[in-house]
Amino acid sequence: TDRERIGQDSSYEQEGKVQFVIDAVYAMGHALHNMHKNLCPGKVGLCPRMDPVDGVELLKYIRNVNFSGIAGTPVTFNENGDAPGRYDIYQYQIRNSTPEYKVIGQWTDHLHLKVESMLWPGGGSQLPSSICSLPCKPGERKKLVKGIPCCWHCERCDGYQYQLDEFHCKRCHFNERPNENHTSCTPIPIIKLEWSSPWAVVPVFIAIVGIIATLFVVVTFVRYNDTPIVKASGRELSYVLLTGIFLCYATTFLMIAEPDLSTCSLRRIFLGLGMSISYAALLTKTNRIYRIFEQGKKSVSAPRFISPASQLVITFSLISLQLVGVCIWFIVDPSHSVIDYEDQRTTNPHFARGILKCDISDLSLICLLGYSMLLMVTCTVYAIKTRGVPETFNEAKPIGFTMYTTCIVWLAFIPIFFGTSQSAEKMYIQTTTLTISVSLSASVSLGMLYMPKVYIILFHPEQNVPKRKRSLKAVVTAATMSNKFSQKGGFRPNGEAKSELCENLETQ
């Protein structure tokens, strides 16, 4: 319309990039002016040196210009030919629910920032952390973010791992665990059953009381060795059985002692030996009673191998099988102690422990006791077969009660022993259960077979007298009749027939 005007009072708004175009034109003009001044001094128009203009040389003059631009800012170029940066710095802020960009600083060769004018999320003025990833703590490795090599996630070395370097974790050796902050490994503590532990105090107390009682019985029997009650009980086998009972109690101390080569070897030998001696002697006794009564029903002659010497040979033959098995075990797998780090390798390494123990597995232990249990079961079978024998005849009924009770003890032992195989207290529970079961077996035998005799010997010596003797056939017949008519008042008063049987067979 030819009426357009540019001025303060006009409605025209200039586009923001126009100033750069104007400054560019002025930069070219200043460069040409300076070039003409140097190459064509005092001349008007182009001189031969500028006709035509050398663009390479003109560029040098352009880079050297220095004048005030249309915006009032100097126009210059650096050594690379770049114009200095001039920027207004804005921040997006919300004030009174109204969003806006507010100038908070400028950049002209360096930063000019008005920190007090800045606002951060939540309305606070505290500067947020301007960092891609924070430094990792001790025990944490850097897991790099894919595609962003200078950013990472901190990942803790967990379980039994420790921090090997800045980017890797490594598992500790099998006998070590990481320290508290997982920066290195430390040895796993070694534990064993201590004498002061409650798990050891109870079995040791029972064993000590049992050993004292056993020695008391032995001393009593030795002192009254030639009295009828001691003779009637079979002196030789009685001492063998008392030896086995003593070893059963003594085994407790071997099971609690610190495992080493000698202790582990003695455990293999005596853990099953004490029970084998006890049940071999009892089996020989019950078998003798059974054969006597079976033979007595058929003939007046006594069965073979019922003399004390024969009984000892049979007993030691049974015991020797246990010793042969142990010797073979020593040859195949020599005894030694081990430190088991897997049994208590808990999820939390802080509770991990190494257990010092003998190299006897649960299966080996059962095999070690298996022969003794076989003798025990066989003895129980014979005790059942001789249950009709008159009471106290060569200890037939006390042996029967002993074996029934012993079977109950070991039937309770097996589920407890194997049921705790996954428990954290496995070592303590199994050792305590085993030692108490062995001691209880010995206590049952001692209490039912010997304490009544000791009581009579010490407090009722008038009953410790011999009765008249009869032939084997008469003895067995009298015993059978006594058993049949026991409900009608007894065959003889005061157990006369019973004592006669004991005395008669002792002389046989």
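Hull volume per residue, based on the alpha-carbon atoms of segment 140-187 and their convex hull, is 61 Å³.
Simple spin-label estimate for residue 5 and residue 196 gives 10.8 nm between the two label positions (7 Å along the Cα-to-Cβ direction from each Cα). This model, with +1 at the C-beta of Lys and Arg and -1 at the C-beta of Asp and Glu, gives the chain a dipole about its Cα centre of some 3800 debye.
Legend: residues 44, 209, 326, sorted from most to least accessible area (1.4 Å probe; ligands, DNA and RNA excluded), read 44, 209, 326.
Taking Cβ atoms as reference points and 14 Å as the exclusive limit, the residues near residue 94 contribute a net charge of +1, counting Lys and Arg as +1 and Asp and Glu as -1. Rolling a 1.4 Å probe over the protein heavy atoms gives segment 1-82 an accessible area of 79 Å² per residue. Remark: the residue 364-residue 404 segment gains 11.8 nm on full extension, using 0.36 nm per residue and subtracting the alpha carbon distance. The residues of segment 96-239 present an accessible area of 66 Å² per residue when probed at 1.4 Å with all protein chains retained. Estimated from the Cβ-Cβ distance and a Förster radius of 60 angstrom, the FRET efficiency linking residue 225 and residue 346 is about 0.55.
The alpha-carbon positions of segment 100-139 define a convex hull whose volume is 136 Å³ per residue.
Evaluating 6.51 cos²θ - 1.76 cosθ + 1.60 at θ = phi - 60° for every residue in segment 381-387, the Karplus couplings come out as 4, 5, 5, 5, 5, 9, 5 Hz, glycine and proline recorded as x.
The candidate values are (i) 2.00; (ii) 1.52; (iii) 2.22; the one derived from this structure for Cα Rg over 2.2 N^0.38 Å carries the label (iii).
Amide hydrogen proximity for residue 69: with H placed 1.01 Å from N in the peptide plane, the residues at 5 or more positions away or on another chain lying under 5 Å are 75. Of the whole protein surface, residue 462 contributes about 110 Å² of accessible area at a 1.4 Å probe radius.
Taking amide H positions as modeled 1.01 Å from N, with prolines and chain starts lacking one, the residues under 5 Å from residue 352 and 5 or more places away or on another chain are 346. Within the accessible surface of the chain, defined with a 1.4 Å probe on protein heavy atoms only, the carbon and sulfur portion equals 61 percent.
Here the Karplus curve 6.51 cos²θ - 1.76 cosθ + 1.60, taken at θ = phi - 60°, turns the phi angles of segment 359-364 into couplings of 7, 10, 6, 4, 5, 5 Hz, with x standing for Gly and Pro. The angle between the Cα long axis of helix 308-332 and the longest principal axis of the Cα atoms of the chain comes to about 20 degrees, rounded to the nearest 10. For the chain, the longest principal axis of the Cα atoms and the long axis of helix 396-419 meet at an angle of about 10 degrees. Between the helical axis of 18-39 and the dominant principal axis of the chain, each derived from Cα atoms, what acute angle in degrees is found, rounded to the nearest 10? Orientation of helix 18-39: about 60 degrees from the principal axis.
The values are calculated or read from the model by the stated rules, or taken from the named source; none is laboratory data. Please read these numbers as outputs of a predicted model, since none were measured by experiment. All Cβ positions, even for glycine, are placed from backbone atoms using ideal geometry, and neighbour counts span all protein chains on display. Note: areas computed on protein heavy atoms with side chains; ligands, DNA, RNA excluded. Shrake-Rupley method; radii C 1.70, N 1.55, O 1.52, S 1.80 Å.
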